[in-house]
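Beneath this line is the structure, given in structure tokens, with notes to follow.
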Amino acid sequence: MELVGRVRAGAGLGAPRMSDPHVMELIARSVGFRPVPGTLNVILEQPFDRALATDYVSAGDLSPSWQDDVGQAGYWLTPIVVAAQYQAVAIQADEPGYPPEQVEVVCAVRLRDALGLADGDSVTISIADG
């Protein structure tokens, strides 16, 4: 299944949150690789189907105060392939008001650099075969 979206600037919160060693270890165990700190924000043409997620990480697994500090109860994780070449994971936050068409992509490389992406650029993601 292919999904198309546009790159959008984030709030700059992904890298600091993911830089915590405990968070990085949980993410690495969950997704099977060690992602670079930060996320690529993608706004899809349609809402993301959370039923495609293969894992859910609750905020309490990250730290006891994570939900209070960040406002997110947890995260749905879905293995994807970006631009037909980069194994990655789409993350969607369990948060009131979180845009249903937004995903945050983590990867072992910085996708903006690897693909030469800028805000507004189109990007294709494919749901990885399980």
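The values are calculated or read from the model by the stated rules, or taken from the named source; none is laboratory data. As the structure is a prediction and not an experimental result, all values here were calculated from the model. Neighbour counts run over all protein chains shown; Cβ positions are idealised from the backbone, glycine included.
Using the structure shown, decide if Asp119 is exposed (fewer than 14 other Cβ atoms within 10 Å of the Cβ), closer than 21 Å to Leu3 by Cα and among the acidic types (Asp, Glu).
Values: exposed (fewer than 14 other Cβ atoms within 10 Å of the Cβ): yes; closer than 21 Å to Leu3 by Cα: yes; among the acidic types (Asp, Glu): yes.
When the stated conditions are applied, Asp119 passes them.
Looking at (1) among the acidic types (Asp, Glu); (2) over 18 Å from Ser126 (Cβ atoms); (3) touching a residue at least 24 places away in the same chain (Cβ under 8 Å), which one does Asp69 not meet, given that it meets all the others?
(3)
Do we have any residue at all in the range 120-128 that's of a type in the set (Asp, Glu) and at pLDDT 80 or above?
Looking through the range 120-128, at least one residue is of a type in the set (Asp, Glu) and at pLDDT 80 or above.
Could you grab me the full set of residues in the range 110-130 that are outside any helix (DSSP H, G or I), among the charged types (D, E, K, R) and in contact (Cβ under 8 Å) with a residue 24 or more places away in the chain?
Selection gives Arg110, Asp119, Asp121.
Select from the range 116-130 the residues that are touching a Leu at 6+ places or on another chain (Cβ under 9 Å) and within 19 Å of Val31 (Cβ to Cβ) and list them in ascending order.
First pass over the range 116-130, keeping only residues touching a Leu at 6+ places or on another chain (Cβ under 9 Å): 117, 121, 123-127.
Listed by number, the residues that qualify are Val123, Ile125, Ser126, Ile127.
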